[in-house]
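Visitor: Okay, here's the structure, questions in a sec.
The values are calculated or read from the model by the stated rules, or taken from the named source; none is laboratory data. Because the structure is predicted, anything quoted here is derived from the model rather than measured. Glycine also receives a Cβ, built like all others from the backbone with ideal geometry; neighbour counts cover every protein chain displayed.
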Amino acid sequence: MTVVDIPSPPQLPVRNKPADEDRAWGGLSPMLTRLAAEQATGVLVREHGTLYLDEGRVTHAESPLSPGLDLLLTAHGTLTAEAWRDALTRADDRHGAAHLLLAGGHLTEGALELCHLGALHDAAYFALAPSSTPGRFRYGIAHPLGPVLPVPLAALEREILRRRELLHRVWPDAGPDSAPLVRTPTTAAPGLTPRQQTLLERIDGTRTATDLARELGRQAFHTLVDVRRLAAAGLVASAVAPKEAPVPDGAGQTPTLADRLAYTTDPHITLLKRLRDALEAL
């Protein structure tokens, strides 16, 4: 009997996961992609917010359209406003405000990291929205908070795109994101969560979703999700048509009646749709 040696198949290439995670996609800001590739340190100022980089990774983000980390920490008693101001005052090149807060026992490391990542992603969502003006980068500028948890640009871009898609699935009209909100008359309001009920009670025709987020001490993006769900239910609408929505989600069109029926949570409409589907199936 002849024995034939069959060579082992070559090993498949193994993807270098850390390298892939750090590689920026470049779909949201080519300038930011270039800065990440050259491992730059500094601050990128854009039309709707700023991003701080440390060796190419995003360390902090701020936007006038989202509550800052200080508000998120102090609004519900996690941290006192006095402790926050004192840490910022004493922060220097050696010890940032985050280090001072942890060393002073004002915060646990887990609480700080969780709130920091929430505030970073919240502000970055607005800061990386499509812009009509070019960004400006200043090298060597560090945030007074100091390092907490840097985020690779590719991971940040994926999260922003995921959030845009989520908002569009909830309700494809971006109008309620930026305009003052009004409550609409309804005969049968669907069941609301406590978060949504609290938000609905504060809608008075003068405040926007981001105004309400700041007042309630909540992340702005989560408030946008609640607002769009209320809009899909027919409970809120834009008081005026916004001239320019600061956070386009890619839709850019007013939903048709078919869209409204597809997204509504009104129980009467839902029942009618089920009856229609049943009749069509006969």
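Visitor: Go through (1) without any contact (Cβ under 8 Å) to a residue 24 or more places away in the chain; (2) more than 18 Å from residue 220 (Cβ to Cβ) for residue 88 and report which single condition fails.
Guide: Condition not satisfied by residue 88: (1).
Visitor: For the stretch 180-204, how many residues are part of a loop (DSSP other than H, G, I, E, B) and either charged (D, E, K, R) or at pLDDT 95 or above (or both)?
Guide: Number of matching residues: 4.
Visitor: Moving on to the next point. Quick check: is even one residue across the stretch 159-178 surrounded by fewer than 20 Cβ atoms within 10 Å (Cβ to Cβ) and in a loop (DSSP other than H, G, I, E, B)?
Guide: Within the stretch 159-178, none of the residues are surrounded by fewer than 20 Cβ atoms within 10 Å (Cβ to Cβ) and in a loop (DSSP other than H, G, I, E, B).
Visitor: Let me ask something additional. Among the listed residues 241, 251, 232, which satisfies the condition of being surrounded by 23 or more Cβ atoms within 10 Å (Cβ to Cβ) and either outside the structural domain of residue 28 (by TED's automatic domain parsing) or modelled with pLDDT of 95 or more (or both)?
Guide: 232
Visitor: Turning to a different aspect of this structure: Take the stretch 37-71 and flag every residue that is in a strand (DSSP E or B) and either in contact with a Pro (Cβ under 8 Å, 6 or more places away or on another chain) or surrounded by fewer than 18 Cβ atoms within 10 Å (Cβ to Cβ) (or both).
Guide: Of everything in the stretch 37-71, those that are in a strand (DSSP E or B) and either in contact with a Pro (Cβ under 8 Å, 6 or more places away or on another chain) or surrounded by fewer than 18 Cβ atoms within 10 Å (Cβ to Cβ) (or both) turn out to be 42, 45, 49, 54, 57, 58, 59.
Residues checked against (1) in a loop (DSSP other than H, G, I, E, B); (2) closer than 19 Å to residue 217 by Cα; (3) touching a residue at least 60 places away in the same chain (Cβ under 8 Å); (4) assigned by TED's automatic domain parsing to the domain that holds residue 177:
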{"position": "32", "(1), (2), (3), (4)": "no, no, yes, no"}
{"position": "35", "(1), (2), (3), (4)": "no, no, yes, no"}
{"position": "73", "(1), (2), (3), (4)": "no, yes, no, no"}
{"position": "94", "(1), (2), (3), (4)": "yes, no, no, no"}
{"position": "98", "(1), (2), (3), (4)": "no, no, no, no"}
{"position": "101", "(1), (2), (3), (4)": "no, no, no, no"}
{"position": "116", "(1), (2), (3), (4)": "no, yes, no, no"}
{"position": "138", "(1), (2), (3), (4)": "no, no, yes, no"}
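Visitor: Next question, about the same structure. Can you report the number of residues in the stretch 92-110 which are under 16 Å from residue 60 (Cα atoms) and hydrophobic (A, V, I, L, M, F, W, C)?
Guide: Total meeting the criteria: 2.
Visitor: Here's a follow-up. Determine if the stretch 26-46 includes at least one residue that is closer than 19 Å to residue 150 by Cα, modelled with pLDDT under 95 and among the small types (Gly, Ala, Ser).
Guide: Checking the stretch 26-46: at least one residue is closer than 19 Å to residue 150 by Cα, modelled with pLDDT under 95 and among the small types (Gly, Ala, Ser).
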